[in-house]
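The values are calculated or read from the model by the stated rules, or taken from the named source; none is laboratory data. Predicted model, so just to flag it, every value in this text is computed and none were measured. Using ideal geometry, Cβ is built from the backbone for each residue, glycine included, and neighbour counts are taken over all protein chains shown. Protein only, heavy atoms only, side chains kept; ligands, DNA and RNA dropped before computing areas. Shrake-Rupley method; radii C 1.70, N 1.55, O 1.52, S 1.80 Å.
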Amino acid sequence: MDAHYDPQKIEAKWQKRWEELELFESDEEPGRKKYYVLEMLPYPSGDIHMGHVRNYSIGDALARYMWMKGYNVLHPIGWDAFGLPAENAAIKSQRHPSEFTFSYIDRMRGQLKRLGFSYDWRREIATCVPEYYRWNQWFFLKMCERGLAYRKKSRVNWCSLCQTVLANEQVVDGCCWRHEDTPVVERELEQWFLKITDYADRLLDDLQHLVRWPERVLIMQQNWIGKSFGTLVDFELVGLGEKLQIFTTRVDTIFGCTAVFVAPEHSVVEKLIAASKDPAKLRAEAERVKASAVRARVEVDLEKIGVDTGFKVVNPYNGEAVPLWLANFVLMEYGTGAIMAVPAHDERDFEFCTTYGLPIKTVVVPAGDSKVGAGLAPPSEGAASSANTKAFVEYGQLINSGPYNGLKSEEAIQRMTRDAEAKGFGKGTIQYRIKDWGISRQRYWGTPIPIVYCDTCGIVPVPENDLPVILPPGVKLTGQGESPLANVPEFVNTTCPKCSQPARRETDTMDTFVDSSWYFYRYTDPKISTAPVSRSAVGYWFPVDQYIGGIEHAILHLIYMRFFSKVMQDIGLVDFPEPVAGLFTQGMVIKDGVKMSKSKGNVVDPTEMCAKYGADTVRLYMLFAAPPEKDLDWSDAGIEGASRFLNKVYRLVAKHADKLRPVSTRKNPSDGNSAEPSAEERRLLRKTHQTLHHVTVDMEGRWHFNTDIAMAMELMNELSDLDSAVEAGKVRPQVQKCALEHLILILSLFSPHVADELWESLGHSETTRQVSWPAYDPELAAEEELEIPVQVNGRLRGRIRVAVDATEEEIRARALAEPKVAQHLVGRQIVKVIIVPQKLVNIVVK
């Protein structure tokens, strides 16, 4: 064994050995317990970044632990390979996107292998190859058959930099999810949609079964689906003889309605303009509100603006006529595109109506309290009421509401909805915030949508046996105007599958989130050519036992994949509705308190770090520097510390390897047939089994990798401290080797290359991955002594150490004799001594 730790040499050696042993390849073994661990697949952007390293290090530690626990582990990787970055790079260099994509894949594959992650590379997939995306097209056809795919003209989110449509979920704070400083605008286009709304209730109801998902993700999905129970109410448009239907979840407050707001795109707006005294002025005002509405929909803090149309509508509950306004915050896509304004009981309405001088009328007060002025929450004590007044938005008791006075809100909602239905001016209904998934993209590097347009037959799906519809290679990419495929006559011009007459292909491509909505199924049999997935392979490996990725995917990928799985269940591909049993969302890797980015000049390159410190040090540091669910702020000093630790472990093993190699540890050095352990041996065995216990418990669910590694460091310190005792013969070789072996097996989860090197140096022929995870001994892990705080009249005055099995009399005597305690007893009478076993002593004196 080399005396000097050379991570480059060691890591190259063991990566070659692992590959020769086919160590990470797994196949179905009926009857053997399985474990499917999966990290979200990367986009091949050119380089692995530290966020990838952290994500994959977490998954790798778990995979290795489960192998050692006896599971048949599936741990695959692939590439989310379609998308805009490669296409934009191709535009700049006038090269084909596939050149960038596959060169990036080659580079990133090499980086992942350099880091030593335990992937089954036989199962590698890339979503941009026809063998994969033909099944995207197959799924689309199946959805067409079931009425789940349709085309319509609609307003869409448009990114000027991407030059394509964005789904609602891809708009973040008013900007493109890829270009954080690029405001999204609206366009009206013919688009293809998937009817995810048909699955809204199932998506919502099945959240209750995701017991191993973060609560934060479940809440985000619940809010995005946004199921609302409410009431549709018809207001009469004065002078136009038409009804304007509004949707409200709080019909109990309708007697406080002082205005009605409509979206500027509402169909009634043109009728209002036509009937207006000054059509040109109203149209100009409507266009102004409409222009701001685009941003108001996606920017929570954008100023709410509106305009009075000059028309009134009549509240059917009390006959009052209230003004009709256009408002930029009313969503045409939610409800009916018209809402009532109840400023006394809605914060947004209160803000708007206060700004524009609209009346505020109270109709709900806290139950049993009719004194709250104007129905508004009372100001904070001692503060000016004008600065603290706000809407009372809770359920309460109705006032100023005619025949419904005195009712509690819950009862009033039910009765008022029934009355609306009985009198014919409304009804109860359910609305959802989630909208159908627009999948059309006006770019080249994606899955072609398998549709042709025929002047005779209309919209015609491509027959299954004609799949895949291949992306043509000779395409000029400009990033401007319509889809690049529209400029390729040999692609566009085809024949109708029904009538054989000339027809035109669809030239939009699919949203790349389609690719990632089912890729994890494909890993189970990536070569199958007769179906998208193998039912038998899926039946063995699913569900995914642990999925690991970023919280940013909570309402994008993680909803889409759940939708796809339910469709797959409905068409008979799988037997279950949910694909992922456990989800973990790791924190970001930041530097100097901010997200790493090239523009900020704070990017840390994993390749450079591997070259400087070795992959084991990089991986160890990524798991040690912070709890995995928290953000990790990169520290150069921190990775130096991780490097020193591994060097320290290596030197200690190298020092004793020749002596320890022939020593057997199969017999427990503390069992009854061995010599009585010395005090030093008991100390070392105790720390060893405490560490093993801590790591075992953590790996079963808590994942406090940072404290696991800290415990391993403490065990290393214990071994170092006792090195002189080893030399003096106070610690037998088998006890020292037992502790070192346990330390190495723990390190194998985080730094596997050096762990295998050290394991081999102690005389083992198998790799650590092939070793069974050791069981900790609770008796050996137990402390022999306890530290107990001692109080006098409830105030801490000292601490004592006593044997775990000490009697109360022994504890009492030790507490009274403790010098720091005794000085507070001088001249005072002891009333009683309260002993909480193994916890506390409190001496009561007077």
*asked:* Compute the angle between helix 409-423 and the longest alpha-carbon principal axis of the chain, please, reported from 0 to 90 degrees and rounded to the nearest 10.
replied: 30
*Per the Kirkwood treatment, what hydrodynamic radius in Å, one decimal, follows for the stretch 179-313 from the mean inverse distance over all distinct Cα pairs?*
18.6
*Let a ≥ b ≥ c be the square roots of the eigenvalues of the Cα gyration tensor of the stretch 754-846; is it rounded (a/c under 1.5), or, if not, prolate (a/b larger than b/c) or oblate?*
prolate
*Would you mind calculating the relative contact order of the stretch 190-342 from Cα pairs under 8 angstrom and at least 6 residues apart, reporting the percent as a whole number?*
28
*On full extension of the chain, what length is gained from LYS277 through ARG651, given 0.36 nm per residue of separation minus the C-alpha to C-alpha distance?*
125.6 nm
_Rounded to the nearest 5, what % of DSSP beta bridges with both residues in the chain are antiparallel?_
75
*Distance (nanometres) between label positions extended 7 Å along Cα→Cβ at VAL836 and ARG535*: 6.0
*If you work out mean projected area of the Cα convex hull in nm² from the coordinates, which of (i) 48.7; (ii) 41.4; (iii) 43.7 do you get?*
(i)
*Place +1 on the Cβ of every Lys and Arg and -1 on the Cβ of every Asp and Glu in the chain, take the dipole about the Cα centre, and give the residue among PRO627, PRO752, VAL792 whose Cα lies farthest towards its positive end.*
VAL792
*Subset of LYS271/LYS427; LYS153/LYS290; LYS630/LYS737 violating a 27 Å alpha-carbon distance limit*: LYS630/LYS737
*Once both axes come from the Cα atoms, what is the angle between helix 679-697 and the longest principal axis of the chain, in degrees from 0 to 90, rounded to 10?*
20
*Tell me, what is the percent relative contact order of the chain, built from C-alpha pairs under 8 Å that lie six or more residues apart?*
14
*asked:* If I stretch the segment between GLU629 and ASP6 completely, what's the gain in nm (0.36 nm per residue apart, minus their alpha carbon distance), one decimal?
replied: 221.1 nm
*Going by the alpha-carbon gyration tensor, a ≥ b ≥ c the square roots of its eigenvalues, is the stretch 99-190 rounded (a/c under 1.5) or, if a/c is not under 1.5, prolate (a/b greater than b/c) versus oblate?*
oblate
*What's the FRET efficiency of GLU608 with ARG216 using the Cβ-Cβ distance as r and R₀ = 35 Å, to the nearest 0.05?*
0.55
*Charge dipole of the stretch 415-476 about the Cα centre (unit charges at C-beta), most positive-ward option of THR447, LEU471, ILE434*: ILE434
*Quick one: go through the stretch 765-801 and flag any residue whose amide nitrogen is under 13 Å from the point 7 Å out along the Cα-to-Cβ line of LYS33.*
773
*asked:* Let's test the formula: R0 of 22 Å, r as the Cβ-Cβ distance of LYS600 and SER103. What FRET efficiency results, to the nearest 0.05?
replied: 0.25
*Pop the C-beta distance of ARG202 and LYS152 into the FRET formula with R0 = 30 Å and round what comes out to the nearest 0.05.*
0.80
*What angle, in degrees between 0 and 90 and rounded to the nearest 10, separates the Cα long axis of helix 84-93 from the longest principal axis of the Cα atoms of the chain?*
80
*Please label the shape of the stretch 26-168 as rounded, prolate or oblate, based on the square roots a ≥ b ≥ c of the eigenvalues of the alpha-carbon gyration tensor (a/c under 1.5 means rounded; beyond that, a/b larger than b/c means prolate, else oblate).*
oblate
*Where Rh denotes the Kirkwood radius from the mean inverse Cα pair distance, what is Rg over Rh for the stretch 4-109?*
1.07
*Phi-based couplings in Hz for the stretch 193-210 (Karplus 6.51, -1.76, 1.60; Gly and Pro marked x)*: 10, 10, 7, 5, 5, 5, 10, 4, 5, 5, 4, 6, 5, 6, 4, 5, 8, 8
_the chain, accessible area per residue, ligands and nucleic acids excluded (1.4 Å, Å²)_ = 43
*Inter-label distance, nm, simple model (7 Å from Cα along the C-beta direction), ASN493/SER664*: 8.4
*Summarise the accessible area of the stretch 665-785 (1.4 Å probe, protein heavy atoms) by the percent that is carbon and sulfur.*
45
